[in-house]
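Since the structure comes first, as C-alpha cells, the remarks are kept for the end.
The values are calculated or read from the model by the stated rules, or taken from the named source; none is laboratory data. Fair warning: this is a prediction, and the values are worked out from it, not measured in the lab. When we count neighbours, we look across all protein chains shown, and the Cβ atoms used for this are built from the backbone with ideal geometry, even at glycine.
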C-alpha cells in the first residue's frame, strides 16, 4: 500500500534550529572564529536611548556579510534568502518564526547610520587583528596591486562640466569625453579609465595590500584615473600604526615606481621591490642617463665622449619632479663627434641631464633588480595579489560596483576583503599553519605544469 504524502499541519512541532545546521557548515566555523559583538560599541553613538528598540546592528552587518559571502547583490533578495535559509537564520541568532529585517531597513540603516561611521573599516581592521592573534600573518612583507572596478554608470551619462561649457562654444557638446572636461551625472565620483589591454569606460580603482601569506591588510579606493603611487606610502604607514606591523619589504608593480616612493621607503629603511616607471622616449637618441658616469667627488657627470657635465641649477616642484640640472659646455658639445647619438637638438644647444634629487634612493632600491630574491618577490606578488583579485571578482562580484559613489564602493571593497580574509582564516585554523607555507607547493606545481606543457 502506498502512503500518500499531504500537507496536513500539526498543532505542535518539536523543532530545534541548531540541529538543522550541519556541523561543518562554513557559517558555524565563522561563528566560532569571529565575535561580531564589538560592532555595537562602534555604532552605539548613532542610536538613541529612547523610543522603539532598533534592529541590532550586529544582525544587519552579519546579513550584509552573508550577502558578500554568497554574492547576493540585492538587499531585497538577501531578505528573501534569509527567510528560507535556516543556516542564515541561525547565524544571526534568529528563531525560525522570527521575522527577518525588511530589505528597506537594511538599506536605510546602511545609508543613514553606517555611512556616518567607520564601521566597515572597523570590521575589516578587527578581522586583520584577529588573524594576527592566530599568528597567520606577520606584516613584514607587504604586496600591493590595484584592479579596476566598473562603475554602475554608462558612458552616455557623461556631460560637459559647466566651467568647460562656459569657456567654449556649443560645439563642446560633441567633443570626445575626457576626465578634465566631463562628469557622469549618474556617478560623479567615477572616472574614465584608459589603460593598455584594459576595458574602457567609467571605473574605480581598488588598491589592495596583502601580507605574503595572502591576507588582505589594506583596501583603498580611488577614481579610475588616479595614479597608483599617490597614497601608497601613506597607506603603508597606516598599516604600521594600526596593526603594529614592522614592514621590512614592499613589493609592487611599476605603477608604484616613482622617485618620491623610493625616497620615502628609503628614509624608513624599507626595502622596495618595485620596478622603475620609466618615461617614454620622446626622441630616437641612443644615449640614456645610464651611459653617463657620475663622479661623486666632483659632483659631475662624464659623457661617453669623456666630456664633463657640471651641476647648474635645481628644478623646484613637487616631490616627483624636483631635479638637479647638469649641463655640458657649448664649445665641447658643439663639435662633439657623438652629438647625433646624444641629443636630437640641431640648434647647437648643450647636452643637459635632469637628475632627480632622489636618484640615490632609486639606485639603492633598484640595486637588487635581477637577483634571485627580486624574481622570487615578483613571482610571489603576482601569485598572491592576482589570485586574491581573481577570487574577489569571480566569487564575490567585485568586477562591478554594486552602488554609486566612492564611499559606497569603498564599503563594497572592504566587505569583500573581510569575507576573503575570514575564508582564509578558517583554512589557516584548520591547517594550524600560516597560508604562506602553501606558496612553495604552488610554485612547485606551477613548475611541473610548465615543464609538462613545454614537453607537450
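Things to note:
- Options 214, 201; residue that is under 21 Å from residue 403 (Cα atoms) and surrounded by 15 or more Cβ atoms within 10 Å (Cβ to Cβ): 201
- For the range 214-233, a residue qualifies if it is within 18 Å of residue 384 (Cβ to Cβ) and more than 12 Å from the chain's Cα centre (by Cα), and the qualifying residues are 214, 215.
- For the range 381-390, the condition of being in contact with a strand residue (DSSP E or B) (Cβ under 6 Å, 6 or more places away or on another chain) and in the same structural domain as residue 299 (by TED's automatic domain parsing) holds for none of the residues.
- Test: residue in the range 315-325 that is modelled with pLDDT of 85 or more, farther than 30 Å from residue 68 by Cβ and assigned by TED's automatic domain parsing to the domain that holds residue 210: no
- Residue check for residue 236: assigned by TED's automatic domain parsing to the domain that holds residue 400, outside any strand (DSSP E or B), over 11 Å from the mean Cα position of the chain (by Cα) and without any contact (Cβ under 8 Å) to a residue 24 or more places away in the chain: no
- Some residue of the range 135-155 being without any contact (Cβ under 8 Å) to a residue 24 or more places away in the chain and under 32 Å from the mean Cα position of the chain (by Cα): no
- Failed item in (1) modelled with pLDDT under 90; (2) surrounded by 13 or more Cβ atoms within 10 Å (Cβ to Cβ), with residue 272 passing the rest: (1)
- Pairing each residue of the range 24-35 that is in the same structural domain as residue 69 (by TED's automatic domain parsing) and closer than 13 Å to residue 66 by Cα with any residue that is modelled with pLDDT of 90 or more and buried (at least 18 other Cβ atoms within 10 Å of the Cβ), provided the two are 6+ apart or on different chains, yields C-beta distances under 6 Å for 27/91; 30/422.
- Test for residue 259: is it at pLDDT 90 or above and in contact with a helix residue (DSSP H, G or I) (Cβ under 8 Å, 6 or more places away or on another chain): no
- Residue 45 meets the conditions (1) at pLDDT 90 or above; (2) surrounded by fewer than 19 Cβ atoms within 10 Å (Cβ to Cβ); (3) part of a helix (DSSP H, G or I) in every case but one. The failed one is (1).
- Scanning the range 352-367 for residues that are surrounded by fewer than 19 Cβ atoms within 10 Å (Cβ to Cβ) and farther than 27 Å from residue 329 by Cβ yields a count of 3.
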